[in-house]
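Right, one structure below, let's go through it.
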Amino acid sequence: MVKMNEKKKWYAVYTRPRWEKKVHQLLSEKGLESYCPLNKVKRQWSDRIKTVEEPLFKSYVFVRISDDERTSVRMTEGVVNFIYWLGKPAVISNRDIDLIKRFLNEHPEVIAEPLDIKENDLVQVSSGLFADEEAKVLQVRKKMVELRIESINYRITAWVEKKKIILKKTSPSKTIVKE
C-alpha cells in the first residue's frame, strides 16, 4: 500500500527487445501508471501500405511509481531493469513526460535516435572535479571517453565515464560526395 505522503516519480525501465507494449500492458494490469510513447509510422508490405504504432524509444517504457513499488516493476515479465544515472534509477521529470506527449500529439511521424558520442564532439562534464567544463572528445571506448579540457590556458586530457558527460555539439559528419 502506498503512503499518502510518498511522492510518485517517473522512471525509465529497460525492456526485452520488442516487449515495450506488452510491458506497458502488464504494468497497467498491476495498477501501476506507465507510459509507452507510440509513434505512427507508415510501413510498406508487398501489397499495401499500412500505418502502425511503434514504440518511440526502443526497449524503454516509463513508469510513475513510489519507491515501494520498484520491486513490483522489476518483477514484471519483460522488464530487464531500471535505467540508472549516477548509480541510482534515473528520475524523469513530469515536464519531460508532458513534452514527449505533446510532441507526439503535434507531429505525425517522429524519429528518435540515441545520441552517439564520437571523436571531435563538444561535451560538457556533468560531475566530478571538472563539472560544468567543456571538453572535446578525443577517443571513445565502451564506458569511457577521453576528453581534452582546455581551461586556464592548459590542455588537460582525462578519461571520463560516459555517464558523466553531456553532448553539446556533434562534429560534422564526413560525407563523401561522388560526382
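Of note:
- The residue of the range 8-46 that is surrounded by the fewest Cβ atoms within 10 Å (Cβ to Cβ), among those that are among the hydrophobic types (A, V, I, L, M, F, W, C) and not in a strand (DSSP E or B), is 45.
- Pick from the range 145-171, criterion of a type in the set (A, V, I, L, M) and either within 25 Å of residue 84 (Cβ to Cβ) or under 19 Å from the mean Cα position of the chain (by Cα) (or both), ranking: modelled with the lowest pLDDT: 158
- Candidate set from the range 47-60 (those that are out of contact with any strand residue (DSSP E or B) (no Cβ under 7 Å at 6 or more places or on another chain) and open to solvent by 70 Å² or more (accessible area, probe 1.4 Å)); member that is nearest to residue 112 (Cα to Cα): 58
- Hey, residue 150 open to solvent by 80 Å² or more (accessible area, probe 1.4 Å), touching a residue at least 12 places away in the same chain (Cβ under 8 Å), in a loop (DSSP other than H, G, I, E, B) and more than 25 Å from residue 23 (Cβ to Cβ) or not: no
- Filtered by the rule that a residue be aliphatic (A, V, I, L, M) and at pLDDT 95 or above, the range 16-49 gives 23, 26, 27, 32.
- Screening residue 142 on (1) surrounded by 11 or more Cβ atoms within 10 Å (Cβ to Cβ); (2) over 30 Å from residue 41 (Cβ atoms); (3) at pLDDT below 90; (4) out of contact with any strand residue (DSSP E or B) (no Cβ under 7 Å at 6 or more places or on another chain) shows it passes everything except condition (1).
- Among the residues of the range 116-139, the ones that are open to solvent by less than 40 Å² (accessible area, probe 1.4 Å) and closer than 15 Å to residue 169 by Cβ come to 6 in all.
The values are calculated or read from the model by the stated rules, or taken from the named source; none is laboratory data. What you see is a predicted model, and the numbers here were worked out from it, not measured in a lab. Every residue, glycine as well, gets a Cβ built from its backbone with ideal geometry; the counts of neighbours run over all protein chains shown. The protein model used for the area step is the full one, side chains on, heavy atoms only, and it has no ligands, DNA or RNA in it. Shrake-Rupley method; radii C 1.70, N 1.55, O 1.52, S 1.80 Å.
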